[in-house]
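This report concerns only the one structure given below.
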Amino acid sequence: MSGLDNILSQLVPSSGKTIGVDIGSGYIKVCELKGNTISRFGLSALSEAAIIEDEIQKSEELITKIKNTIKEAGCKGKSVAMSIQGPNTVIKRMQVPEGSDDEVEDHILWESEQYIPFGADDAQISFFIIGTNDGGGKDVILTAARDDTIHAFEKVVIEAGYAPKVVEISSLSLANLFEKCYEDYSNSGQTYALIDFGAQTTKVIIYRSGAPLFCKEIPIGGVLVTEEIQRQMGVSYSEAEDLKINGDASGNLPEEIMGIIDEHSQNLFEDVKKSLNFFISGGSDNTIELCLITGGNSRLPGLEEGLEEVLGIDVEFFDPLRKLKVDSSIGEFEIEQMKYMGNIAAGLSMRVV
């Protein structure tokens with residue numbers, strides 16, 4: 001895969017039968033849509049440090065997990081829309097002068113070099129023109145990712161026996177799903193914050209009028225809580241993860257673990273607040289109406305209430321079932337996992353091949 005037309009995402013979702021494969025640092029999540037129905041969903045946990053930032057450390061494990069998760073979910077196709085994320089990816093909203101299609105593309109590619117810290121020559125670049133701005137130029141979403149990052153993730157999908165047809169930065173997959181499931185919000189002209197609390201990163205997306213205005217990845221995630229529980233409690237990584245999610249044998253969270261979670265959450269809230277304040281300070285009309293949260297780390301005790309208190313705005317969990325239905329073959333446990341952890345995979349499955 002190469003070139004602007006067949007790498008990285010365009011923002012507008014499309015309708016086609018594709019297996020969405022979200023390769024996160026903590027879990028593999030797969031989803032398949034049939035119209036407005038989630039027809040297949042599955043997920044599998046990865047071992048400690050299988051992926052660090054956006055570098056694959058345990059490729060054989062990923063290959064096996066991708067293959068088995070898709071098979072166990074019951075997906076029949078071979079075409080995959082897959083996600084990438086991390087420091088070797090870029091999402092940037094920019095403005096360029098009006099001109100012919102070729103002139104606009106040339107200007108975007110020339111301007112893009114200043115926004116790509118890993119070098120434009122070593123990256124795949126794509127863009128989507130949102131529309132015309134008040135100055136008469138074009139508003140553009142620019143996306144870029146390092147070649148070797150793309151190829152590393154493509155390789156594990158191919159070796160699992162599937163064909164990667166679309167590669168998309170995961171923040172845009174979530175924005176696409178927001179546009180589908182919250183159509184009344186996305187077309188309201190108001191501004192919304194989408195926050196994905198993941199294992200190694202927290203993604204902050206500011207959305208208004210059909211497109212993201214601002215995207216940022218904060219390098220703090222739930223794995224820090226797991227590692228601190230592991231260190232303080234003297235347990236294995238998997239045991240620490242189980243304690244964080246399920247508590248002790250009685251289902252209660254010990255006081256020591258609550259202290260670790262509270263400290264982590266406060267640090268994370270401050271970084272999220274800095275990101276939102278940076279956006280708000282850029283303009284007088286940048287008031288955020290509502291914050292929607294998702295991701296495995298969003299289930300930490302007290303996170304929703306604590307974030308609402310720190311930010312001073314309403315916070316709710318992102319609900320994909322606001323517009324999507326679920327096939328009767330998917331059990332209650334999978335539905336709950338899907339609501340918290342499957343939104344990027346669902347956004348990916350909206351892509352056409």
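The values are calculated or read from the model by the stated rules, or taken from the named source; none is laboratory data. Small disclaimer: the values here were computed from a predicted structure and weren't measured. So basically every Cβ, Gly included, is an ideal-geometry build from the backbone, and we count neighbours across all protein chains shown. Calculation scope for accessible area: heavy atoms of the full protein, side chains included, ligands and nucleic acids excluded. Shrake-Rupley method; radii C 1.70, N 1.55, O 1.52, S 1.80 Å.
Relative to the current alpha-carbon distance between Asp314 and Thr287, full extension at 0.36 nm per residue lengthens the span by 8.5 nm. Computed from label points 7 Å out along Cα-Cβ, the spacing between Glu336 and Asp262 is 2.6 nm. Please work out how much length the chain gains when fully extended from Glu159 to Glu304, using 0.36 nm per residue of separation minus the C-alpha to C-alpha distance, in nm with one decimal. My answer for the length gained is 48.3 nm.
Solvent-accessible area per residue in segment 197-241 equals 38 Å², computed with a 1.4 angstrom probe and all protein chains kept. Counting only alpha carbon atoms, the long axis of helix 237-246 and the longest principal axis of the chain meet at about 90°.
For segment 180-192, the Karplus equation 6.51 cos²θ - 1.76 cosθ + 1.60, evaluated at θ = phi - 60°, returns couplings of 7, 7, 10, 4, 5, 6, 5, 9, 7, x, 8, 10, 10 Hz by residue, with Gly and Pro reported as x. Distance between the pseudo-spin-label points of Gln95 and Lys71 (7 Å out from Cα toward the beta carbon): 5.4 nm.
Given the pairs Lys76/Lys180; Lys65/Lys274; Lys165/Lys244; Lys17/Lys155, which are separated by over 29 angstrom at their Cα positions? Flagged as over cut-off: Lys65/Lys274; Lys165/Lys244. According to the square roots a ≥ b ≥ c of the eigenvalues of the Cα gyration tensor, what is the shape class of segment 92-223, taking rounded for a/c under 1.5, prolate for a/b larger than b/c otherwise, and oblate for the remainder? Oblate shape, in that a/c is at least 1.5 and b/c is the bigger or equal ratio.
Residues whose amide H comes within less than 5 Å of that of Gly24, counting only those at least five positions distant or on another chain, are Lys29 (H built at 1.01 Å from N in the peptide plane). Karplus-based coupling profile of segment 253-269, in residue order and whole Hz: 8, x, 4, 4, 6, 4, x, 5, 5, 4, 5, 4, 4, 4, 4, 5, 4, with θ = phi - 60° in 6.51 cos²θ - 1.76 cosθ + 1.60 and x standing for Gly or Pro. Normalised per residue, the accessible area of segment 7-162 is 45 Å², obtained with a 1.4 Å probe and no contribution from ligands, DNA or RNA. Between the Cα long axis of helix 59-73 and the first principal axis of the chain there is an angle of about 90°, rounded to the nearest 10.
Would you mind checking the pairs Lys92/Lys138; Lys29/Lys67; Lys216/Lys325; Lys29/Lys58 and listing those with alpha carbons more than 20 angstrom apart? In this structure, Lys216/Lys325 lie more than 20 Å apart at Cα.
Available extension along the chain between Ser250 and Leu109 is 45.0 nm, counting 0.36 nm per residue and deducting the alpha carbon span. On the chain, 45 percent of the accessible area sits on carbon and sulfur atoms, based on a 1.4 Å probe. With R₀ set to 41 Å, the beta-carbon distance separating Glu239 from His151 gives a calculated FRET efficiency near 0.70. Label zone of Gln232 (point 7 Å out along Cα→Cβ, amide N under 15 Å): in segment 261-280 this covers 261-268.
Amide H contacts for Ala123 (H built 1.01 Å from N in the peptide plane; partners 5 or more residues away or on another chain; cut-off under 5 Å): Asp147. By how many degrees, 0 to 90 and rounded to 10, does the Cα axis of helix 147-159 deviate from the longest principal axis of the chain? The angle comes out near 60 degrees. Counting only protein chain heavy atoms and rolling a 1.4 Å probe, the accessible areas of Phe269, Phe127 rank, largest first, as Phe127, Phe269. Restricted to Cα atoms, segment 272-333 shows a radius of gyration and a Dmax of 15.3, 48 angstrom. Residue order by solvent-accessible surface for Lys29, Lys165, Lys76, Lys274 is Lys76, Lys274, Lys165, Lys29, largest first, with ligands and nucleic acids left out and a 1.4 Å probe.
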